[in-house]
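Worksheet for the structure shown next.
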């Protein structure tokens, strides 16, 4: 009796393994297919720069956050593309097909993005930076002010005197180490997202699962898509680890030198602590407006339409080129 049961258990384990392998392969094929044919690459002094260029109208440089790439930039800025803006969405250093040059930094990234706009013959653009991308966006405005019509910082992972260093949803060294491991392995990241999506929502997306559960179905789908679209994480690992180092303990920037209008937007319950950074930006920049929501986490859950309406109104209110 015992041997048949053991054989049955072995067969079940093999079948389970086959199913897991099939599901992983299918999801990875979808992830790679979602990227295919949607971007271009140019050579630069810093190595290849990947970008997408969609829409028509005034130019917007959409700089993605952690876990992104040009695809996240396109996803996030889709409301602007549909409302009459041309969106340039690059992949930052270490993401997808963009280079990871030695000594990569937000300052170097800003220079590379200015080079990209020059190659595209764009003389002026609104610069939008989300999360860790806010560092590069701010540096574009500081280092290349003639390029920047306006600056939008959404949940900026930037400096504030009262923002904890290494602000993260991962509260312990052990959890932080586990997250670092997830960022290097497609399979581990996929498995964790499948088996513990709520935990991953908190750790990676810095949003309380209860906030997502209380949201409308379309917002729940948006959060799930953001997490799923981090795959293939192995193609984003260098950028993610750089973000962990730079956005975890960002230095102060001379915000008083910002020469363009600024919109800073964040959420008080963002587990990455970006509300303090947005308040700091709005207090220091000469021409700045602050939008702060009480609840919604790092993905401003429940405020998607409202947030992008704020951004659109800000863009439409800027002086013409």
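Residue pairs, Cβ under 6 Å, 6 or more apart or interchain, first in region 114-135 and without any contact (Cβ under 8 Å) to a residue 60 or more places away in the chain, second part of a loop (DSSP other than H, G, I, E, B). List them. Close Cβ pairs satisfying both conditions: 114/144.
Taking region 149-208 as the range and being surrounded by 14 or more Cβ atoms within 10 Å (Cβ to Cβ), at pLDDT below 75 and part of a loop (DSSP other than H, G, I, E, B) as the test, the residues that pass are 167, 168, 169, 170.
Scanning region 37-83 for residues that are part of a helix (DSSP H, G or I) and more than 14 Å from residue 120 (Cβ to Cβ) yields 71, 72, 73, 74, 75, 76, 77, 78, 79, 80, 81, 82. Here residue 240 qualifies as at pLDDT below 95 and either buried (at least 17 other Cβ atoms within 10 Å of the Cβ) or within 27 Å of residue 30 (Cα to Cα) (or both).
For region 305-321, name all the residues that are closer than 25 Å to residue 271 by Cβ and crowded, with 19+ Cβ neighbours inside 10 Å. Give the derivation first.
If we filter region 305-321 for residues that are closer than 25 Å to residue 271 by Cβ, which is where we start, we get 305-311.
Across region 305-321, the qualifying residues are 307, 308, 311.
Please tell me if residue 61 is over 16 Å from residue 243 (Cβ atoms) and crowded, with 23+ Cβ neighbours inside 10 Å. Criteria met by residue 61. With respect to (1) farther than 23 Å from residue 271 by Cα; (2) modelled with pLDDT of 95 or more; (3) in contact with a helix residue (DSSP H, G or I) (Cβ under 9 Å, 6 or more places away or on another chain), the lone exception for residue 83 is condition (2).
In region 224-263, which residues are outside any helix (DSSP H, G or I), in contact with a helix residue (DSSP H, G or I) (Cβ under 8 Å, 6 or more places away or on another chain) and under 24 Å from residue 201 (Cβ atoms)? 229, 230, 231, 232, 247, 250, listed by residue number. Tallying residues that are touching a residue at least 60 places away in the same chain (Cβ under 8 Å) and crowded, with 16+ Cβ neighbours inside 10 Å within region 210-233 yields 13.
Screening residue 94 against (1) farther than 22 Å from residue 32 by Cβ; (2) in a loop (DSSP other than H, G, I, E, B); (3) at pLDDT 95 or above leaves a single unmet condition, (1).
The values are calculated or read from the model by the stated rules, or taken from the named source; none is laboratory data. Predicted model, so just to flag it, every value in this text is computed and none were measured. Note: ideal-geometry Cβ built from the backbone for every residue, glycine included; neighbour counts use all protein chains shown.
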